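Structure, as structure tokens:
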Amino acid sequence: MTQRKSAAKPQARTRRTNAEAEPATKPTTTEGLDGALRALTLALEKKALEPVLLDVRELCSFCNYQLVLSGRSDRQVDAIADAIELGLKAEGHRVLGAEGARTGQWALLDYGDFVVHVFLHSAREHYDLEGLWNDAPRVQIEVPPDARIAIDDHYDSPALS
């Protein structure tokens, strides 16, 4: 048997890294930031814990900001999510989608340019969104002392429930 040789020469393949493919530019839009900050205020009014606002504009195609926070109990998780949804609705922001609602473990509120995650702390630790979005810059936010947990306290401790 004879082997046929292809008339076309194979092209040399080169790999391009993302850095070579496109010049690095900082995003100029802050769409969603005001809504995320308003959601933060509404959550803190319901005594949400340990809020973190992630700037995912350079890393994510479906939103610009992600707000992650915790509640002390199943009821508080639902109350925080409800307060955010009702407060933003009154200001003209409509939730595009909600997941995990009424479970008390986790609620996701999708507003397009920003997403809010409200967790019971054990669920927050399990999903570890801050670890998943480790490369995302943290937006500097004012967090009142009562929204912080002391190092020796635990979210699930009786004092917090």
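The values are calculated or read from the model by the stated rules, or taken from the named source; none is laboratory data. These numbers were taken from a predicted model, which means no experiment stands behind them. As a convention, Cβ positions derive from the backbone with ideal geometry for all residues, glycine included, and neighbour counts pool all protein chains shown.
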The lone exception for ASP153 - which of (1) among the charged types (D, E, K, R); (2) modelled with pLDDT of 80 or more; (3) assigned to a loop (DSSP other than H, G, I, E, B) it fails: (2)
Segment 120-142: number of residues that are under 23 Å from LYS47 (Cβ atoms), among the hydrophobic types (A, V, I, L, M, F, W, C) and not in a loop (DSSP other than H, G, I, E, B): 3
Considering residues of segment 80-119 that are small (Gly, Ala, Ser) and not in a loop (DSSP other than H, G, I, E, B) only, the residue farthest from the chain's Cα centre (by Cα): ALA90
Search result, residues across segment 54-84 that are touching a residue at least 40 places away in the same chain (Cβ under 8 Å), in contact with a helix residue (DSSP H, G or I) (Cβ under 6 Å, 6 or more places away or on another chain) and aliphatic (A, V, I, L, M): LEU67, VAL68, LEU69, ALA83, ILE84
Given (1) crowded, with 18+ Cβ neighbours inside 10 Å; (2) closer than 25 Å to THR103 by Cβ, index of the condition ASP74 fails: (1)
Residue ID - nearest to the chain's Cα centre (by Cα), chosen from residues in segment 123-140 that are under 25 Å from SER73 (Cα atoms) and acidic (Asp, Glu): GLU130
Single residue of segment 23-56 satisfying the filter (among the charged types (D, E, K, R) and surrounded by fewer than 20 Cβ atoms within 10 Å (Cβ to Cβ)) that is farthest from TYR127 (Cα to Cα): LYS26
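In this structure, is LEU59 surrounded by fewer than 20 Cβ atoms within 10 Å (Cβ to Cβ) and in a helix (DSSP H, G or I)?
Against the criterion (surrounded by fewer than 20 Cβ atoms within 10 Å (Cβ to Cβ) and in a helix (DSSP H, G or I)), LEU59 does not qualify.
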